[in-house]
Amino acid sequence: MVKEIIQFVSPTCSSCVHQENVLSNIKEEYSDLIINNYNIYSHYDKAIQYSVKGAPTLVFIEDGRTLKTYYGYQNEEQVKDWMKLFEWV
């Protein structure tokens with residue numbers, strides 16, 4: 001099973017910096033998790049593909065299938081709660 005979180009960020013977004021730190025901590029704990037970061041301006045095509053409406057946005061993907069898209073900042077506990085819901089942990 002391939003587990004991936006795609007994070008869409010903006011360079012002017014302070015919440016995005018905090019979100020990147022949260023995902024960095026999670027990546028250290030769950031090494032099998034793939035985390036990709038995309039700037040919504042320089043990767044506009046990806047942002048359109050995933051219907052991104054703002055930054056930060058997290059897209060939870062399993063085996064290429066989108067499970068959930070969450071708009072706005074998610075703390076570490078919230079991200080882990082989603083991971084538990086999807087039975088990733």
When Y73 is run through (1) closer than 24 Å to C13 by Cα; (2) touching a residue at least 24 places away in the same chain (Cβ under 8 Å); (3) not in a loop (DSSP other than H, G, I, E, B), the failure sits at (3)
Quiz item: Is it true that some residue in segment 48-70 is among the hydrophobic types (A, V, I, L, M, F, W, C), part of a helix (DSSP H, G or I) and either surrounded by fewer than 12 Cβ atoms within 10 Å (Cβ to Cβ) or at pLDDT below 95 (or both)?
Solution: yes
Within segment 1-16, residues at pLDDT below 95 and among the β-branched types (V, I, T) come out as T12
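Residues are listed down the side, and each one gets a yes or a no for (1) aliphatic (A, V, I, L, M); (2) farther than 13 Å from K3 by Cα; (3) in contact with a Leu (Cβ under 6 Å, 6 or more places away or on another chain):
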{"residue": "L33", "(1), (2), (3)": "yes, no, no"}
{"residue": "Y38", "(1), (2), (3)": "no, yes, no"}
{"residue": "A47", "(1), (2), (3)": "yes, yes, no"}
{"residue": "V52", "(1), (2), (3)": "yes, yes, no"}
{"residue": "T57", "(1), (2), (3)": "no, yes, no"}
{"residue": "T66", "(1), (2), (3)": "no, no, no"}
{"residue": "Y71", "(1), (2), (3)": "no, yes, no"}
Test result for S24, loosely packed, with under 14 Cβ neighbours inside 10 Å, of a type outside the set (D, E) and within 12 Å of the chain's Cα centre (by Cα): yes
Inside segment 71-83, the number of residues satisfying the requirement of being in contact with a helix residue (DSSP H, G or I) (Cβ under 9 Å, 6 or more places away or on another chain) and surrounded by 15 or more Cβ atoms within 10 Å (Cβ to Cβ) is 5
Checked against (1) surrounded by 15 or more Cβ atoms within 10 Å (Cβ to Cβ); (2) more than 20 Å from T66 (Cα to Cα); (3) touching a helix residue (DSSP H, G or I) at 6+ places or on another chain (Cβ under 7 Å), S15 satisfies every condition except (3)
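Listed residues S42, S15; which is of a type in the set (S, T, Y), in a helix (DSSP H, G or I) and either more than 25 Å from K84 (Cβ to Cβ) or in contact with a Phe, Trp or Tyr (Cβ under 8 Å, 6 or more places away or on another chain) (or both)? Full working, then the answer.
Working: S42 fails: in a helix (DSSP H, G or I).
Result of the check over S42, S15: S15.
The values are calculated or read from the model by the stated rules, or taken from the named source; none is laboratory data. It should be emphasised that the depicted structure is a prediction, and the values quoted were computed from it without experimental measurement. Glycine also receives a Cβ, built like all others from the backbone with ideal geometry; neighbour counts cover every protein chain displayed.
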